[in-house]
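Each value in this text was obtained by applying a stated rule to the coordinates, not by laboratory testing. Because the structure is a prediction, the values reported are computed rather than measured. Cβ placement follows ideal geometry from the backbone for every residue including glycine, while neighbour counts extend to all protein chains displayed.
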Amino acid sequence: MTARPTVYLFRTSLNIHFTNPRRLPKLPSKIISNSFPATRLASQRLSAVSRQFSNSSTVKMAPIHKECDYLVIGGGSGGLASGRRASAMYGAKVIAIESKRLGGTCVNVGCVPKKVTWNAASIRETLRDAKSYGFNFEEVTPFDWTIFKQKRDAYVKRLNGIYARNLDNDKVEYIHGHAIIKSKDEVEVTLDDGSKQSIGFKKLLIAVGGHPTKPPKNIPGAELGTNSDGFFEIEKQPKKVAIIGAGYIAVEFAGMFHALGTETHLFIRYNTFLRTFDPMIQEKVVAEYERQGIHIHKCSSVSKVEDLGDGWKRLHYKDKNGEGAVDVDALIWAIGRTPQTDGLGLEKLGVKLDEKGHIVVDDYQNTNVENVYAIGDVCNKGFELTPVAIAAGRRLSDRIFGGRKDAHLEYSNIPSVVFAHPEVGAIGMTEPEARKRYGDSVKVYQTGFTAMYYALMDRQEEKGPTAFKVICEGPNERVVGMHILGLGSSEILQGFGVAVKMGATKADLDRCVAIHPTSAEELVTLK
Ligand SMILES: Cc1cc2nc3c(=O)[nH]c(=O)nc-3n(C[C@H](O)[C@H](O)[C@H](O)COP(=O)(O)OP(=O)(O)OC[C@H]3O[C@@H](n4cnc5c(N)ncnc54)[C@H](O)[C@@H]3O)c2cc1C
């Protein structure tokens with residue numbers, strides 16, 4: 001308690017304290033003003049500076065200017081990973097700028113609060129299943145969404161604090177503010193109090209991520225809905241929800257709402273969702289969602305949303321069965337994500353964007369402008385996943401500050417999962433992709449079964465599906481794709497992902513002795 005302020009005040013420049021007051025440790029004023037000579041000195045200088053600032057309405061001050069080796073715009077998964085590595089491992093002077101909350105999408109409105117919600121949904125399913133195992137209780141305890149949300153928010157807040165401390169430990173200077181590129185060697189940051197700082201840099205990393213795509217303007221009332229960010233703000237469990245979208249976020253939200261007891265309507269444009277996944281996954285998960293009672297409106301489009309008051313809205317739509325309307329107390333647009341490049345000033349540098357606004361990068365995260373790099377969701381690599389942003393960011397720092405000339409992330413065979421009900425995992429090519437690339441040399445091994453977990457359920461309707469597909473190519477039957485769905489798939493895939501990345505063949509899988517009794521053992525005994 002007493003040692004920390006001394007270290008802190010010696011280590012950081014005074015600039016940081018008055019421009020970024022949120023970094024000041026909360027200390028009793030007695031400690032700040034009296035205990036240590038260095039602390040006292042800094043405190044006196046701080047007061048002098050504050051006095052200067054309190055007169056700022058009459059005296060116009062020039063913006064503070066700072067210089068660094070590596071300026072990181074975006075304090076999300078990728079930016080923090082890259083900045084911390086550059087500073088902690090290679091001693092670069094790093095400044096990281098974040099306009100919202102540290103940790104970015106993943107920590108605040110993505111993977112983390114989503115997985116916590118998925119855990120709640122899974123517990124609810126387990127409670128339901130417990131009866132088949134002889135547990136006797138009259139009724140499942142109603143889920144208290146409000147308490148759950150408070151606890152989830154508190155967890156995320158704890159993580160924000162941990163992220164700030166990690167930056168501090170790694171000597172990355174963190175500035176909370178909004179960054180705009182002003183010229184090829186200057187970024188301007190607007191701080192929370194409206195004041196500005198200008199920052200010069202040797203190298204610039206753009207890691208600004210993306211935001212939920214806005215609903216089409218031609219749908220009257222579309223603004224009555226929220227998006228994936230808004231999902232995490234919902235205070236009360238909706239009775240009926242409409243989710244529009246067919247990507248993994250829409251599918252995960254639909255599964256969680258349904259499992260937690262909300263009547264769920266999912267509106268998709270075609271016959272299936274998760275359309276970038278293997279057809280087996282698309283068909284089986286759609287069928288399973290329908291079996292569970294999720295209302296899937298196939299080949300649908302929303303024409304209008306009306307406000308019914310009290311949080312309720314009427315959604316007018318057209319689907320396979322004609323025109324219809326449904327009243328819901330929550331409407332969520334989950335129709336994709338848009339890179340956060342608008343208004344960033346990239347045109348000042350001449351950074352090239354693709355037609356969707358993603359920054360075009362090569363395999364080494366270089367943009368077309370020297371010493372300007374982009375990683376994560378904002379770049380055009382097509383893998384919008386936290387571990388991808390982290391890995392690309394760390395390797396970039398290894399290369400540009402650590403002298404590892406060839407360090408870069410290989411954008412192939414990257415495993416990904418969908419926390420649907422049941423979970424889905426995929427790595428490598430889908431069957432259509434493999435057939436297109438390798439033609440007749442493709443061999444597919446596939447199985448579907450009921451996991452032992454369901455053995456004690458009396459009715460077939462209570463049993464979820466499990467299905468695995470392994471796609472091989474060439475005479476050695478190299479595994480080029482693996483697609484799995486069923487209980488535990490997200491955990492199963494990580495290990496198999498290593499094997500696929502190493503170039504495993506079907507014979508390699510077969511050589512591994514099965515672990516019994518599991519679902520995963522079917523992957524090493526496929527016929
Ligand atoms: C609902 C949802 C669920 C997800 N689930 C998963 C999952 O289970 N697994 C997984 O791997 N991925 C998941 N993702 C994706 C994952 O969150 C992203 O791929 C990851 O966060 C991308 O990291 P990033 O560093 O590129 O960007 P971000 O994490 O988005 O960080 C970018 C940061 O830059 C800041 N910023 C933007 N512009 C400026 C500016 N001008 N000045 C200062 N700061 C700025 C933003 O505020 C933001 O904090 C999910 C995403 C969503 C939306």
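Evaluated on the chain, the Kirkwood hydrodynamic radius is 25.9 Å, with distances taken between all distinct Cα atoms.
Peptides 500-506, 511-517 ranked from most to least packed give 500-506, 511-517, packing being the mean of other C-beta atoms within 10 angstrom over each peptide's residues. When only alpha carbons are used to place a centre, region 279-321 and region 166-200 end up 43 Å from one another.
For the set K66/K171; K115/K381; K66/K184; K157/K240, the pairs lying more than 19 angstrom apart at their alpha carbons are K115/K381; K157/K240. For region 222-335, list log₁₀ I(q)/I(0) at each q in 0.18 Å⁻¹, using the Debye formula over Cα point scatterers of equal strength and ignoring solvent, two decimals each. For the requested q values the scattering log ratios are -0.86. Mean sequence separation of contacting Cα pairs (under 8 Å, at least six apart), scaled by the length of the chain, corresponds to a relative contact order of 13 percent. Listed here are the pairs K203/K405; K284/K463; K436/K527; K114/K313; K239/K318; which of them are more than 18 Å apart at the Cα? Over 18 Å apart, Cα to Cα: K436/K527; K114/K313; K239/K318.
Evaluating 6.51 cos²θ - 1.76 cosθ + 1.60 at θ = phi - 60° for every residue in region 304-314, the Karplus couplings come out as 6, 10, 10, 8, 9, x, 6, x, 8, 9, 10 Hz, glycine and proline recorded as x. Each label point was placed 7 Å from the Cα along the Cα-to-Cβ direction; for D185 and L308 their separation is 6.2 nm. Among M280, M452, sorting on how many other beta-carbon atoms sit within 10 Å of each Cβ, with the fewest leading, yields M452, M280. Which loop-located GluC sites (Glu not before Pro) does region 393-455 contain, where loop means any DSSP state but H, G, I, E or B and the Cβ has at most 14 other Cβ atoms within 10 Å? Here the sparse-neighbourhood loop sites are E410. Taking 0.36 nm per residue of separation and subtracting the current Cα-Cα distance, fully stretching the chain between D193 and T126 would add 19.3 nm.
Length gained on full extension, F148 to L456: 107.8 nm, using 0.36 nm per residue less the C-alpha separation. Normalised by residue count, region 352-422 yields a Cα convex hull volume of 93 Å³ per residue.
The calculated P(r) of region 435-517, using every Cα pair and 5 Å bins from 0, goes 3, 13, 20, 22, 17, 11, 7, 5, 2 in percent.
Per-residue Cβ neighbour counts within 10 Å put R165, R394, R478, R269 in the sequence R165, R269, R478, R394, beginning with the fewest.
Cβ crowding within 10 Å, taken as a proxy for footprinting-reagent exposure, orders D458, D319 from fewest neighbours to most as D458, D319.
Work from the charge dipole of region 411-527 (Cβ charges, +1 for Lys and Arg, -1 for Asp and Glu, about the Cα centre) and give the residue of L456, V524, G439 farthest towards its positive end. In region 411-527, that residue is G439. Across region 321-389, the mean sequence separation of Cα contacts (distance under 8 Å, 6 or more residues apart), normalised by length, yields a relative contact order of 22 percent. Listed by chain and number, the aspartates and glutamates whose C-alpha is less than 18 Å from the C-alpha of K348, apart from same-chain residues fewer than 8 away, are D185, E186, E188, E370. Only helical runs count toward this figure. For the chain, summing -39,500 (n - 2.57) over DSSP H runs of n ≥ 4 and dividing by all residues gives -10000 deg cm²/dmol at 222 nm.
Assign unit charges at the C-beta atoms only (+1 for Lys and Arg, -1 for Asp and Glu), then state the dipole size of the chain relative to its Cα centre in Debye, rounded to the nearest 20. It comes to approximately 1980 debye. Around the Cα centre of region 222-335, unit charges on the Cβ atoms of Lys, Arg, Asp and Glu (plus for the first two, minus for the last two) sum to a dipole of about 380 debye.
Contact order for region 416-527, expressed relative to its length and based on alpha carbon pairs under 8 Å spaced 6+ residues apart, stands at 29 percent.
In order along region 501-515, the Karplus-derived 3J(HN,Hα) couplings, from 6.51 cos²θ - 1.76 cosθ + 1.60 at θ = phi - 60°, round to 4, 7, x, 4, 9, 4, 4, 4, 4, 5, 5, 7, 5, 5, 9 Hz, and Gly and Pro are given as x.
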